[in-house]
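Since the structure comes first, as structure tokens, the remarks are kept for the end.
Bear in mind these aren't lab numbers, they're just calculated from the coordinates by the rules spelled out. What you see is a predicted model, and the numbers here were worked out from it, not measured in a lab. Counting neighbours? That spans all protein chains shown, and the Cβs are built from the backbone with ideal geometry, glycine included.
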């Protein structure tokens with residue numbers, strides 16, 4: 001049996017007529033830049049996030065870049081972030097001229113450890129970027145307490161977490177800004193790059209809108225140095241078709257996650273550590289990530305058996321060559337480094353079949369029985 005990490009073909013077939021009609025309408029009306037589809041998506045996603053402003057940008061990485069620019073982060077500032085995350089989180093900090101300050105994670109959730117944040121705050125710290133990894137929100141009460149105490153901005157990296165909740169609060173309600181990615185593999189994915197920033201602050205929202213169009217307001221008059229980063233109208237039209245299905249897809253992901261956990265416990269017991277979900281969180285399972293011994297060998301075996309898996313992330317950011325100038329060394333963030341050696345993400349998408357999950361788990365059982 002072949003089990004892909006992600007298969008978007010069935011989803012497209014179900015929505016094909018609506019998506020094709022939406023794309024054709026954009027072509028017919030020929031309004032390609034910041035048109036009605038972008039405005040609708042911005043409004044709907046902001047409302048969904050229980051916030052006021054949605055600012056559509058070209059991708060999730062630009063959402064982070066523009067957010068930090070809009071908050072005035074720059075040379076001489078420090079921004080605290082986890083090392084166990086995708087490169088864009090730290091890349092955005094470095095591009096402003098600020099210094100990334102990497103801290104360790106909670107080993108149960110893979111999310112940033114608030115206690116580590118508190119220890120890392122200095123008089124140069126300007127912001128914290130909690131990453132809601134794999135679809136589960138970080139411990140925002142503790143993070144917000146630290147931010148309020150030290151007068152820091154919170155930039156929620158929610159690239160993997162649209163629709164997730166923390167104690168009944170949505171992504172975007174607890175930070176200064178929140179950043180979404182609509183990369184095709186995400187829970188709400190476009191058919192190319194796309195992203196959005198969410199904020200409840202009117203002044204920040206307006207500043208971010210200006211930055212995304214070269215810092216121009218009115219047109220051809222530039223008071224700040226901006227980006228050319230706009231959510232594409234065609235991608236917005238596709239996302240508008242898909243958006244009403246997001247909650248249903250998220251629930252199906254939770255069902256798939258519960259099934260994996262049940263099957264794995266029955267098959268291999270405590271050999272595999274299944275995902276931990278905080279009781280007060282609503283996890284949307286962008287990824288179903290386990291911890292396993294002999295991770296690389298297991299991945300190779302599963303590949304031989306037709307099962308696709310991914311390692312998010314094999315090399316922590318504090319040990320990446322590009323950040324060598326920061327002076328981190330192996331052993332500085334032990335939980336992060338342990339997670340990088342043990343984490344393995346299994347196939348996860350709403351259309352995943354029960355028999356595919358059973359096959360994946362059976363092959364994991366076979367590997368450890370050897």
> How do 214, 318, 53 line up, fewest other C-beta atoms within 10 Å first?
Replying inline: 214, 53, 318
> So if R0 is 22 Å, what FRET efficiency would residue 151 and residue 119 give, r being the distance between their Cβ atoms, rounded to the nearest 0.05?
Replying inline: 0.80
> Can you pull the semi-axes for the stretch 246-369, root of five times each eigenvalue of the Cα gyration tensor, sorted largest first, whole Å?
Replying inline: 27, 19, 13
> With each run of n ≥ 4 DSSP H residues scored as -39500 (n - 2.57), what mean residue ellipticity at 222 nm is computed for the chain after dividing by its residue count and rounding to the nearest 500 deg cm²/dmol?
Replying inline: -12500 deg cm²/dmol
> If you bin every alpha carbon distance in the stretch 147-201 into 10 Å steps from zero, what whole percent lands in each bin?
Replying inline: 25, 46, 24, 5, 0
> Distance from the Cα centre of the stretch 1-64 to that of the stretch 200-270, in angstrom?
Replying inline: 9 Å
>> Please compute the alpha carbon radius of gyration of the chain, then divide it by the globular-protein estimate 2.2 N^0.38 Å. Two decimals is fine.
In response: 0.99
>> So the label point goes 7 Å from the Cα of residue 370 along Cα→C-beta, right? Which residues of the stretch 262-299 then have their backbone N under 16 Å from it?
In response: 293-299
> Spin-label point model (7 Å from Cα, Cβ direction): what's the residue 296 to residue 223 distance in nm?
Replying inline: 5.4 nm
> Out of the DSSP beta bridges found with both residues in the stretch 70-139, what percent are antiparallel (nearest 5)?
Replying inline: 10 percent
> Name the residues of the stretch 328-370 whose amide N is less than 13 Å from a point 7 angstrom out from the Cα of residue 248 along the C-beta direction?
Replying inline: 350-351
> Can you put 71, 34, 6 in order, fewest other beta carbons within 10 Å first?
Replying inline: 6, 34, 71
> Which FRET efficiency value, to the nearest 0.05, do you get for residue 202 and residue 6 by plugging their Cβ-Cβ distance into 1/(1 + (r/R0)^6) with R0 = 35 Å?
Replying inline: 0.40
> For 197, 238, what ranking results if the residue with the fewest other Cβ atoms within 10 Å of its Cβ goes first?
Replying inline: 238, 197
